[in-house]
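The values are calculated or read from the model by the stated rules, or taken from the named source; none is laboratory data. The structure presented is a predicted model; accordingly, all values stated were derived computationally and were not measured. Here the Cβ is made from the backbone with ideal geometry for all residues, glycine too, and neighbour counts use every protein chain on show. Note: areas computed on protein heavy atoms with side chains; ligands, DNA, RNA excluded. Shrake-Rupley method; radii C 1.70, N 1.55, O 1.52, S 1.80 Å.
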Protein chains: 2
Amino acid sequence: MKIIRTEDLRGTDREVVSPGGWTSVRWLLKSDGMGFSFHETTFPPGLEFDMWYKNHFEAVFCYKGEGTLVNRDTGEEHKIEPGTVYALDKHDRHTLKAKTEMKLVCSFWPPVTGREMHDEDGAYTLVED
Amino acid sequence: MKIIRTEDLRGTDREVVSPGGWTSVRWLLKSDGMGFSFHETTFPPGLEFDMWYKNHFEAVFCYKGEGTLVNRDTGEEHKIEPGTVYALDKHDRHTLKAKTEMKLVCSFWPPVTGREMHDEDGAYTLVED
């Protein structure tokens, strides 16, 4: 059993502060051996960010804040608010736009190692051990 | 891309109301093909419940409420509050005690089918397709 307190990860290599403006705290990574990775992402108000996880499936639960998710493959827009989950089950190209500060709980499969970078497409590269 | 609104799952077969007192909304199950399942569990104030996921790893993030997690293998107790994650990476036998209503975001690997029952040990059985 592991107990992980978000505040204890601030300023460690488990907290990634993106030049793009979002912050990602990685509670559980591939090295934790859970079969998935588990993160909290914070989007500040006004941030719009393009993503495309070509190599992963991701599910995201919003528990705070409000924004819009754009499916760049279809042009559809969806309101995201507390209680909403979105699942990127087709490696969908997407843009998240935060109206207010958003707090998002994210699971990835396969699990993220923590050493991926967003490439030019906004995707996480796959990292081999 | 799937957009799932928690309130839309109330009263459907994706909401399980346990005789034990907890409620589990299953946003994503094995059939969703994400590689993990993704749930929200609500514990009412005062509920104590024994669990033992012999066949799964589970990670849990608390975003509301307060309680105590007991590791029944070691006797250790941990305060659970907003911002805390616990990871059952050793199939740990555990008891969750809610002081106030707790809202928990849960990921399971392998993914839960939704047809598992808690057996006499508090474990989810493995269900084959």
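Among the residues of segment B:84-105, count how many are more than 9 Å from every other protein chain (Cβ to nearest Cβ), closer than 23 Å to A:P82 by Cα and surrounded by 21 or more Cβ atoms within 10 Å (Cβ to Cβ). Number satisfying all stated conditions: 3.
Scanning segment A:38-48 for residues that are open to solvent by less than 40 Å² (accessible area, probe 1.4 Å) and either at positive phi or not in a loop (DSSP other than H, G, I, E, B) (or both) turns up A:F38, A:H39, A:E40, A:T41, A:T42, A:F43. Applying the criterion of being open to solvent by 20 Å² or more (accessible area, probe 1.4 Å) and under 16 Å from B:S107 (Cβ atoms) to the residues of segment A:5-34, the residue that is farthest from the other protein chains (Cβ to nearest Cβ) is A:K30. When we screen A:G83, A:G35 for residues that are touching a helix residue (DSSP H, G or I) at 6+ places or on another chain (Cβ under 6 Å) and within 26 Å of B:T68 (Cα to Cα), the only hit is A:G83.
Scan segment B:1-37 for residues that are of a type in the set (K, R), touching a Leu at 6+ places or on another chain (Cβ under 9 Å) and assigned to a strand (DSSP E or B) and report the count.
As a first pass, look at segment B:1-37 and keep what is of a type in the set (K, R): B:2, B:5, B:10, B:14, B:26, B:30.
Restricting the remaining residues to those that are touching a Leu at 6+ places or on another chain (Cβ under 9 Å) gives B:2, B:14, B:26.
Checking the rest, the ones that are also assigned to a strand (DSSP E or B) come to B:2, B:26.
Residues flagged as of a type in the set (K, R), touching a Leu at 6+ places or on another chain (Cβ under 9 Å) and assigned to a strand (DSSP E or B) within segment B:1-37 amount to 2.
Please enumerate the residues belonging to segment A:70-83 that are under 24 Å from B:V25 (Cα atoms) and either buried (at least 22 other Cβ atoms within 10 Å of the Cβ) or more than 8 Å from every other protein chain (Cβ to nearest Cβ) (or both). Answer for segment A:70-83, where residues must be under 24 Å from B:V25 (Cα atoms) and either buried (at least 22 other Cβ atoms within 10 Å of the Cβ) or more than 8 Å from every other protein chain (Cβ to nearest Cβ) (or both): A:K79, A:I80, A:E81, A:P82.
If you go through segment A:49-69 and pick out every residue that is under 19 Å from A:K90 (Cβ atoms) and open to solvent by less than 30 Å² (accessible area, probe 1.4 Å), you end up with 8.
Out of all the residues in segment A:62-72, is one or more on the phi > 0 side of the Ramachandran plot, touching a residue at least 12 places away in the same chain (Cβ under 8 Å) and in contact with an Asp or Glu (Cβ under 7 Å, 6 or more places away or on another chain)? Yes, that holds for at least one residue.
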